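Worksheet: one structure, shown below.
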Amino acid sequence: MKIIVYGTMICPDTVDALELFKKNSIEVDYRDFGDKISYLKEFLAIRDSSTLFDGARQSKSIGVPCMIFEDGSITLDPEDVLKITK
């Protein structure tokens, strides 16, 4: 199962999620938008068009880590990745 993770290594939640995935041998396609502007553009297009991020936008937070599954579904909860991959 392919899982894309958007985030940045200066975000402790992103770091924690990546450590959780590594600990559970879950391979992800990590896209650090702090390293590549095209990843930021991809993430912002998703964030700006999904109601999943309404709370993040209202609270002025970023909304990462953001995980996208092969079927296009999106979650902001790393535990959802564990549930689906187990």
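The values are calculated or read from the model by the stated rules, or taken from the named source; none is laboratory data. This one's a predicted model, so the numbers in the text were calculated from it and none came from an experiment. Here the Cβ positions follow ideal geometry from the backbone for every residue, glycine too, while neighbour counts run over all protein chains shown. Only protein heavy atoms, including side chains, enter the accessible area calculation; ligands, DNA and RNA are left aside. Shrake-Rupley method; radii C 1.70, N 1.55, O 1.52, S 1.80 Å.
Within the stretch 46-55, restricting attention to residues that are open to solvent by less than 70 Å² (accessible area, probe 1.4 Å) and of a type in the set (D, E, K, R), which residue is nearest to the chain's Cα centre (by Cα)? Selected residue: 47. Kindly provide the set of residues from the stretch 56-83 that are surrounded by fewer than 14 Cβ atoms within 10 Å (Cβ to Cβ) and of a type in the set (Asp, Glu), ordered by number. Of everything in the stretch 56-83, those that are surrounded by fewer than 14 Cβ atoms within 10 Å (Cβ to Cβ) and of a type in the set (Asp, Glu) turn out to be 70, 71, 77, 79.
Hey, can you tell me all the residues within the stretch 1-17 that are open to solvent by less than 50 Å² (accessible area, probe 1.4 Å) and under 9 Å from residue 65 (Cα atoms)?
Once the filter is applied, which keeps residues that are open to solvent by less than 50 Å² (accessible area, probe 1.4 Å) and under 9 Å from residue 65 (Cα atoms), the stretch 1-17 yields 5, 6, 7, 8, 11, 14, 15, 17.
Pairs linking a residue in the stretch 63-86 that is closer than 14 Å to residue 27 by Cα to a residue that is polar (S, T, N, Q) and modelled with pLDDT of 95 or more, with Cβ atoms under 8 Å and 6 or more positions apart or on different chains, are 67/75; 69/75; 81/75; 82/24; 85/24. The residues on offer are 15, 28, 5, and the sole one that is in contact (Cβ under 8 Å) with a residue 60 or more places away in the chain and either on the phi < 0 side of the Ramachandran plot or touching an Asp or Glu at 6+ places or on another chain (Cβ under 6 Å) (or both) is 5. Restricting 38, 25 to residues that are polar (S, T, N, Q), open to solvent by less than 50 Å² (accessible area, probe 1.4 Å) and over 12 Å from the mean Cα position of the chain (by Cα) narrows the list to 38.
Of all the criteria given as (1) surrounded by fewer than 16 Cβ atoms within 10 Å (Cβ to Cβ); (2) at pLDDT 95 or above; (3) not β-branched (Val, Ile, Thr), the one not satisfied by residue 43 is (1).
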